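The values are calculated or read from the model by the stated rules, or taken from the named source; none is laboratory data. This is a predicted model, so every value here is computed, not measured. Note that we place each Cβ from the backbone using ideal geometry, even for glycine, and neighbour counts take in every protein chain shown.
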Amino acid sequence: MVDRLLADALLLAHLGFVAFVVAGALLVARRPRLAWLHLPAAAWGTFVEWSGTVCPLTPWEQRLRARAGQAGWEGGFVEHYLLPLLYPAGLTVDVQLGLGAIVVAINSAAYAWIGWRAWRRRRIWPNPATRRQSGAPPPTPHDPPA
C-alpha cells in the first residue's frame, strides 16, 4: 500500500516536473529567480528527449509499482503516460526530437518575451534616481511606451 502511494506521488511529481519544463518560463516571467531552477530543468528535459535517455524517475516509479504488486510497463514516462494522449501510434525518434524542439521553442519564446519586457522597462525608466526625482510611479506592463 505504501509503495503504491509512493509510486503515485512520484508520478504526480514527475508530471509536475514535465509541466515545469514545458511552461516554467511563464512562472519565470512573474518570479525571475525561478530561472535558476527552470533553465537546468528545461535543459535536462530537452536532453532526455533528444538523447533517448530514460529519466531516472521512471525506473524508480516502476520499481515501486512492482514492489506494490502492480504491473510495470516498457519504455519511459512520456511513452507510457503522455504519448497515449497525444500520439496513440507510439513514440518514434522523430516524435522525441519534435517534443524536444517544442520545449526549446516554447521556452525560447517565453525567455525572449521576458528579456524584451526587461529591456523595455529599462528604456522607459533607465535611471532609478530620475524615477525618484520625478515622483512618478514606476511603469506597469500595460503602460504605453514613452
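Side notes on the structure shown:
- Subset of region 36-67 [more than 8 Å from the chain's Cα centre (by Cα) and either at pLDDT 90 or above or not in a helix (DSSP H, G or I) (or both)]: Trp36, Leu37, Leu39, Pro40, Ala43, Trp44, Phe47, Gly52, Thr53, Val54, Cys55, Pro56
- Matching option when the condition is over 20 Å from Leu15 (Cα atoms), exposed (fewer than 15 other Cβ atoms within 10 Å of the Cβ) and modelled with pLDDT under 80, among Pro84, Pro88, Pro126, Pro139: Pro126
- Residue check for Arg121: farther than 24 Å from Pro40 by Cα and at pLDDT 85 or above: no
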